[in-house]
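What follows is a single structure, written as structure tokens, with notes after it.
The values are calculated or read from the model by the stated rules, or taken from the named source; none is laboratory data. Not measured: the values here are computed from a predicted model. Cβ atoms come from the backbone with ideal geometry, glycine included; neighbour counts cover every protein chain shown.
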Ligand code: BG6
């Protein structure tokens, strides 16, 4: 059984990109809120000293707007320790044991490329470091179903399931949690939230940025593994799951696993892959790469509530906007009471999930003033422009430190999600080029054509 509070945080991949961009700012915020009061031990093979590591962390905090001599930054910097070495070398793990001093319940955070997860976990187990500890594993969790199952087996040799925290930062986002909150606290939604009223569901995750120096990582994953198997499927689960039977982490995760199990495994013609022009010239990328930087797919969810409702997911880099948005379109009323000229667009619910702001909008129609029964489409919307109180990483690392698994993927859920994408991962599917700043390759239009085409979120 997992213990109550972690008494050290060990960061594998401490000199890497994720740590600098997301994790150190999150640790700083956790120190400031009083949630993180334990030593932080960086592990990497950069050949650094602890002072160099400290300067690196301090640089990351400055890049994120933390002032010099900020009290929380000083506390975090003074709590840092550093172990240099290869993750596959037993000696590194022995030195880590020494650096942990008397900590009994460390939290290990694996911010390393997926190909190194098993080596790190095996090293921890062999050095006796797994007992009483928890482990946070970054996504993508494996490369396909078989490797995810192998990774689960490797983890379970030393860590019981309740000590494994599979992180997906989308689950820490306010707007993604709001999908659940909005659905299950508003009585008006439930009667229409099913195949009788919903015409189609679309999720778009568009980014203007390219791979931004992460070419080598991206070559191992591609868009389907990077954001669809995890982020997008969790968003879809929040939109389509049944209400959890009671409180608690497992009630919620049971329902999400049921959604994943109800989704039909993808077939070749459910998917269009794309690659932005210029990707092959990015550092770390194979000049003949066929890795996808864009995917558009059609999902079939075989459940009582959603059978036959068209569901589409689209995600890509170097697209025309940076926006993650859900559009749930409702069916039209049965008759055009005011004549064919007055037929208005279907009602819809639009959920803006990012960047940063949370917005919910309902598309409706209202009458123009005057004698004719003609009108216009309007949106009733609420928008929270405030920067969220916590970043997703701050929320999730805080939860892992206290042992709350609610917002982490469970073994069965992660394997069920792989089962959906697994059949197409190894197929030699065409990869269509697309220009930067577009909405992806024209071939993707066919995926959503019969449901009225893709909804393109606006910028900003
Ligand atoms: C990460 C992916 O998980 O999510 C990145 O690896 C992607 O490729 C990022 O850019 C997007 O996250 P966010 O929070 O900026 O929407």
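In a helix (DSSP H, G or I) and within 16 Å of the ligand (Cβ to nearest atom): does that describe residue 227?
Values: in a helix (DSSP H, G or I): yes; within 16 Å of the ligand (Cβ to nearest atom): yes.
Yes: the conditions hold for residue 227.
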Quiz prompt | The listed residue being surrounded by 14 or more Cβ atoms within 10 Å (Cβ to Cβ) and touching a residue at least 40 places away in the same chain (Cβ under 8 Å), out of 12, 53 | solution = 12
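Regarding region 352-360, can at least one residue be identified that is over 30 Å from residue 164 (Cβ atoms), more than 16 Å from the ligand (Cβ to nearest atom) and without any contact (Cβ under 8 Å) to a residue 40 or more places away in the chain? It would help to see each step written out before you state the result.
Initial filter on region 352-360 (over 30 Å from residue 164 (Cβ atoms)): 352, 357, 359-360.
Remaining after also requiring more than 16 Å from the ligand (Cβ to nearest atom): 360.
Keeping just the survivors that are without any contact (Cβ under 8 Å) to a residue 40 or more places away in the chain gives none.
No, region 352-360 contains no residue that is over 30 Å from residue 164 (Cβ atoms), more than 16 Å from the ligand (Cβ to nearest atom) and without any contact (Cβ under 8 Å) to a residue 40 or more places away in the chain.
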Quiz prompt | Number of the exception - residue 158 against (1) surrounded by fewer than 22 Cβ atoms within 10 Å (Cβ to Cβ); (2) over 30 Å from residue 360 (Cα atoms); (3) at pLDDT 95 or above; (4) touching a helix residue (DSSP H, G or I) at 6+ places or on another chain (Cβ under 7 Å) | solution = (3)
Practice problem: Go through region 142-177 and give me each residue that's in contact with a strand residue (DSSP E or B) (Cβ under 7 Å, 6 or more places away or on another chain), away from the ligand (no atom under 15 Å from the Cβ) and assigned to a helix (DSSP H, G or I). | Solution: 155, 163
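Is it the case that residue 253 is away from the ligand (no atom under 11 Å from the Cβ), more than 24 Å from residue 301 (Cβ to Cβ) and assigned to a helix (DSSP H, G or I)? Break it down into steps so the answer makes sense when it comes.
On the way: away from the ligand (no atom under 11 Å from the Cβ): yes; more than 24 Å from residue 301 (Cβ to Cβ): no; assigned to a helix (DSSP H, G or I): yes.
No, not satisfied.
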Quiz item: Is it the case that region 180-200 has a residue that's surrounded by 18 or more Cβ atoms within 10 Å (Cβ to Cβ) and within 16 Å of the ligand (Cβ to nearest atom)?
Solution: no
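Suppose we filter 220, 242 for residues that are in contact with a helix residue (DSSP H, G or I) (Cβ under 9 Å, 6 or more places away or on another chain) and within 12 Å of the ligand (Cβ to nearest atom); which single one remains?
On the way: 242 fails: within 12 Å of the ligand (Cβ to nearest atom).
Unique residue meeting the criteria: 220.
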Quiz item: Across region 359-384, which residue is nearest to the chain's Cα centre (by Cα) among those that are closer than 17 Å to residue 459 by Cβ and surrounded by 12 or more Cβ atoms within 10 Å (Cβ to Cβ)?
Solution: 359
Quiz prompt | Enumeration of residues in region 60-85 that are closer than 19 Å to residue 18 by Cβ and in contact (Cβ under 8 Å) with a residue 12 or more places away in the chain | solution = 60, 61, 63, 64, 66, 76, 80, 82, 83, 84
Quiz item: residue 233: touching a helix residue (DSSP H, G or I) at 6+ places or on another chain (Cβ under 7 Å), farther than 29 Å from residue 393 by Cα and either in a loop (DSSP other than H, G, I, E, B) or within 14 Å of the ligand (Cβ to nearest atom) (or both), yes or no?
Solution: no
Quiz prompt | Pairs with Cβ under 9 Å, 6+ apart, first in region 186-201 and in contact (Cβ under 8 Å) with a residue 60 or more places away in the chain, second loosely packed, with under 13 Cβ neighbours inside 10 Å and not in a loop (DSSP other than H, G, I, E, B) | solution = 197/191
